[in-house]
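Data first, discussion second: the structure below is written as structure tokens.
The values are calculated or read from the model by the stated rules, or taken from the named source; none is laboratory data. Since the structure is predicted, the reported quantities are computational estimates derived from the model, not experimental observations. Ideal geometry is used to build each Cβ from the backbone, glycine not excepted, and the neighbour counts take in all protein chains shown.
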Amino acid sequence: MRAAYRVGGISFGLFSGPEMTPVLDPSLHRFEIAPGSCDVQIRLDWAEELSLPASAPLFRSGGLWTLFEESGGYRFYFSTPSLGPMPYKAAWFDPEFRRGHVVLCRPYFDTARPICPMEYPLDELLMIHRLSRGEGVEVHGCGVVTPDGRGLLLTGHSGAGKSTSSRLWLKTAGARVLSDDRIILRREKGRVWMYGTPWHGDAGIAESARWPLDGIFVLAQALSNALRPLGSVEASAELFARSFVPHHSAEAVTFILDFFSKVTSQVPCFEFSFVPDLTAVEVLLREELGKTYAA
């Protein structure tokens, strides 16, 4: 094992031969752990060239990556117009995303220097797909721990005010922010937990920590602050629209829909129309959240 990290309570280990020196991307440094036995084991190798298969892809991102079903699992191919049409990296994973094999095309890298094989977006793609195997969901959201110890998820699309809200909460004595853009949700022992992630937004906040979730707030900027309670069905739909879903997998979509149904039945949910100033923080500090946790 050469390097390891943990995100969302799941550990990832990288190992390679002596011809490669893998290092973690700077975004993962706060999440680094001592190398050892990990939940996901990833072997690293060089290749002299890589090419896309002739078969139809399972999914095209429209950007850096394309996904194929291949060799009894899934293989992501990464390419960029600046390097030409051929892939510069490929990553195969077994169906449960427990084992992986990342291959880097040697001509595109400076082999004399340490390499970041899990650089974005591969690290997040692996996380999203592993979670979808029954372990949790990543959502667009800002995770706040209030001074009195409540965990609040403020979720929204791009531009909804997640980074703005994060900065406001950081001005509040005793408050913490786990992430300003992406939060992982998991259900464990009758509680819903939110985890900070490395994939931060404009505020640059990414904390390697978790906290029990006490309230979910769907953000909408407005001229005044207002809270509207959401039922489980409506709240689940709002969360699904703001989550990272492997849409190519019917099994993953089914799990995520069921997961949100359970989460929104446990945790109070609201639409939060807010003014982007400290009055929005004051509203949530005053809000009484009923505890409806179930085993």
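List pairs: first residue in segment 76-88 and crowded, with 20+ Cβ neighbours inside 10 Å, second residue basic (K, R) anywhere in the structure, Cβ distance under 8 angstrom, at least six positions apart or on different chains.
Sorted first by the residue in segment 76-88, then by its partner, the pairs are Y77/K89; F78/K89.
With the structure loaded, tell me whether P35 is free of Cβ contacts under 8 Å to residues at least 12 places away in the same chain, touching a strand residue (DSSP E or B) at 6+ places or on another chain (Cβ under 7 Å) and surrounded by fewer than 19 Cβ atoms within 10 Å (Cβ to Cβ) or whether it fails that test.
Taking the combined requirement at face value, the residue does not satisfy it.
Please enumerate the residues belonging to segment 81-98 that are in contact with a Phe, Trp or Tyr (Cβ under 7 Å, 6 or more places away or on another chain) and more than 20 Å from A252 (Cα to Cα).
L83, P87, Y88, K89, A90
Only one of (1) under 25 Å from G134 (Cβ atoms); (2) surrounded by 13 or more Cβ atoms within 10 Å (Cβ to Cβ) is not met by L284, so which one is it?
The one condition L284 does not meet is (1).
Look through G190, G156 and report the one residue that is assigned by TED's automatic domain parsing to the domain that holds E271, surrounded by fewer than 16 Cβ atoms within 10 Å (Cβ to Cβ), in contact (Cβ under 8 Å) with a residue 60 or more places away in the chain and among the small types (G, A, S).
Going through G190, G156 in turn, just one is assigned by TED's automatic domain parsing to the domain that holds E271, surrounded by fewer than 16 Cβ atoms within 10 Å (Cβ to Cβ), in contact (Cβ under 8 Å) with a residue 60 or more places away in the chain and among the small types (G, A, S): G190.
When segment 225-236 is examined, which residues are found to be surrounded by fewer than 14 Cβ atoms within 10 Å (Cβ to Cβ) and of a type in the set (A, V, I, L, M, F, W, C)? Working first, answer last.
The first filter runs over segment 225-236 and keeps only residues surrounded by fewer than 14 Cβ atoms within 10 Å (Cβ to Cβ), leaving 228-229, 231, 233.
Answer for segment 225-236, where residues must be surrounded by fewer than 14 Cβ atoms within 10 Å (Cβ to Cβ) and of a type in the set (A, V, I, L, M, F, W, C): just V233.
T111 - would you say it is over 12 Å from S51 (Cα atoms), surrounded by fewer than 16 Cβ atoms within 10 Å (Cβ to Cβ), in contact (Cβ under 8 Å) with a residue 60 or more places away in the chain and not aliphatic (A, V, I, L, M)?
The answer is yes for T111.
Answer with yes or no whether L50 is farther than 23 Å from R98 by Cβ, at pLDDT 95 or above, assigned by TED's automatic domain parsing to the domain that holds L122 and touching a Lys or Arg at 6+ places or on another chain (Cβ under 9 Å).
On the way: farther than 23 Å from R98 by Cβ: yes; at pLDDT 95 or above: yes; assigned by TED's automatic domain parsing to the domain that holds L122: yes; touching a Lys or Arg at 6+ places or on another chain (Cβ under 9 Å): yes.
Answer is yes for this residue.
Okay, residues lined up against (1) within 18 Å of D123 (Cα to Cα); (2) more than 16 Å from the chain's Cα centre (by Cα); (3) outside the structural domain of L24 (by TED's automatic domain parsing):
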| residue | (1), (2), (3) |
| --- | --- |
| A175 | no, yes, yes |
| T197 | yes, no, yes |
| A206 | yes, no, yes |
| W211 | no, no, yes |
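From the residues in segment 164-174 that are buried (at least 19 other Cβ atoms within 10 Å of the Cβ) and either without any contact (Cβ under 8 Å) to a residue 40 or more places away in the chain or touching a Phe, Trp or Tyr at 6+ places or on another chain (Cβ under 8 Å) (or both), which one is nearest to I205 (Cα to Cα)?
Once the filter is applied, the top-ranked residue is S166.
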